[in-house]
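The values are calculated or read from the model by the stated rules, or taken from the named source; none is laboratory data. These figures come from a predicted structure and were not determined experimentally. Here the Cβ is made from the backbone with ideal geometry for all residues, glycine too, and neighbour counts use every protein chain on show. Just the protein is used for accessible areas: all its heavy atoms, side chains included, with ligands, DNA and RNA removed. Shrake-Rupley method; radii C 1.70, N 1.55, O 1.52, S 1.80 Å.
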Amino acid sequence: MAPDPTVPALEIVNLKKKYAGTKKNPGTDALKGVSLTVPQGEFFAFLGPNGAGKTSLISIVAGLAVKSSGEVRVHGISIDEHADHAKAFIGLVPQEMNFNIFEKVINIVLDQAGYYGISRAEAMPQAEKVLKDLSLWEKRNEAAQALSGGMKRRLLIARALVHKPRVLLLDEPTAGVDVELRRGMWDFLRELNESGTTIILTTHYLEEAEQLCRRVAIINQGEIIKEGTVKELLTSLSSVTLLVDTKEPVLLSNMELLRGYPITKIDETTLEVKLEHNQPANDIFRKLSSIGINIMNVRNSGSRLEEVFVSLVEKK
Ligand SMILES: Nc1ncnc2c1ncn2[C@@H]1O[C@H](COP(=O)(O)OP(=O)(O)OP(=O)(O)O)[C@@H](O)[C@H]1O
Ligand SMILES: [Mg+2]
């Protein structure tokens with residue numbers, strides 16, 4: 001039967017996870033009723049601070065952790081009714097390295113195929129492809145412990161792809177990875193997504209979500225507090241902060257003339273301008289030049305998604 005492209009890659013309904021407590025500790029409600037639908041082909045990110053529940057959610061979907069209640073379907077298949085079938089759709093790149101470091105790279109990848117009932121001989125062509133794609137083929141006969149940290153991360157990705165999953169889940173794939181390698185991984189993931197794989201990742205790096213993903217869910221204390229396209233989240237931003245570099249030092253007398261404007265002096269030649277929703281920046285720039293301040297450069301104060309994130313998490 002041909003796969004139905006209208007079936008969501010992932011459907012989660014009212015998912016709850018409570019970790020059991022002890023006599024002294026009442027336990028943790030890690031997920032408090034999360035509902036979410038991710039269509040096939042999506043590039044999706046879960047953003048949230050430490051302890052938000054991201055790993056709990058990913059682990060339940062991948063069948064590594066048991067949910068307390070709720071429903072999870074992968075390509076329409078319930079993880080309760082047909083666990084193995086649902087799992088076959090999924091590749092998981094876990095947050096922590098969990099392979100045997102004494103094992104050879106190629107065996108780590110081929111053994112994974114075995115979990116899906118794929119023989120080593122059958123798995124070899126795909127293992128070769130993914131190891132080459134991730135620049136690990138030369139290292140295939142080395143023990144995993146001989147790999148650098150970045151190579152180990154790439155090995156986790158290769159292992160997750162050996163059974164050609166339709167959905168790739170990555171839990172903090174670029175944590176602790178240097179900028180160059182991170183960009184290389186982004187390119188790899190983009191290509192994989194363009195060739196049809198649904199990608200769902202968790203990240204602390206707002207820039208990563210902004211650059212890579214189309215949709216994001218912001219998760220905090222076990223709840224999704226906002227979900228939408230990156231564009232939607234950015235337009236929901238109530239204020240935008242710009243940094244303006246000036247040609248000459250800004251004098252106190254200048255600041256007197258700017259009283260009442262949303263402008264703060266950061267240092268001699270930098271002003272911070274806070275624009276409320278839809279307020280045109282041009283009015284401010286005109287005012288600055290009318291009092292003799294020459295603008296060299298205007299910058300965004302940081303990741304704009306970061307501003308959305310901070311404003312949402314602060315509201316809690
Ligand atoms: N095995 C476990 N036993 C008990 N509590 C747990 C367990 N795993 C996670 N928790 C708790 O559940 C909550 C959510 O943790 P989780 O690992 O899902 O967060 P996270 O968003 O992935 O965080 P991080 O960004 O630090 O990876 C936290 O309060 C955590 O302490
Ligand atoms: Mg985590």
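Here is how the numbers come out for the structure above:
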{"quantity": "Total charge dipole magnitude, the range 138-197, about the Cα centre, Cβ charges on Lys, Arg, Asp, Glu only, Debye to nearest 20", "calculated": "220 debye"}
{"quantity": "Share of carbon and sulfur in the accessible heavy-atom surface of the range 65-140 [1.4 Å probe, %]", "calculated": "49 percent"}
{"quantity": "Relative contact order (percent, whole number), the chain, Cα cutoff 8 Å, 6+ residue spacing", "calculated": "18 percent"}
{"quantity": "Ranked packing of 154-165, 225-236, most packed first, by mean Cβ within 10 Å", "calculated": "154-165, 225-236"}
{"quantity": "Summed side-chain charge close to Gln40 - residues other than Gln40 whose Cβ falls under 14 Å, Lys, Arg +1, Asp, Glu -1", "calculated": "0"}
{"quantity": "Solvent-accessible area per residue, Å², over the chain with all protein chains present [probe radius 1.4 Å]", "calculated": "51 Å²"}
{"quantity": "Top of Leu242, Leu258, Leu36 by mean-square fluctuation, Gaussian network on the chain, Cα under 10 Å", "calculated": "Leu258"}
{"quantity": "Whole-Å semi-axes of the chain's equivalent ellipsoid (Cα gyration tensor)", "calculated": "44, 24, 18"}
{"quantity": "Top of Gly184, Gly33, Gly292 by mean-square fluctuation, Gaussian network on the chain, Cα under 10 Å", "calculated": "Gly292"}
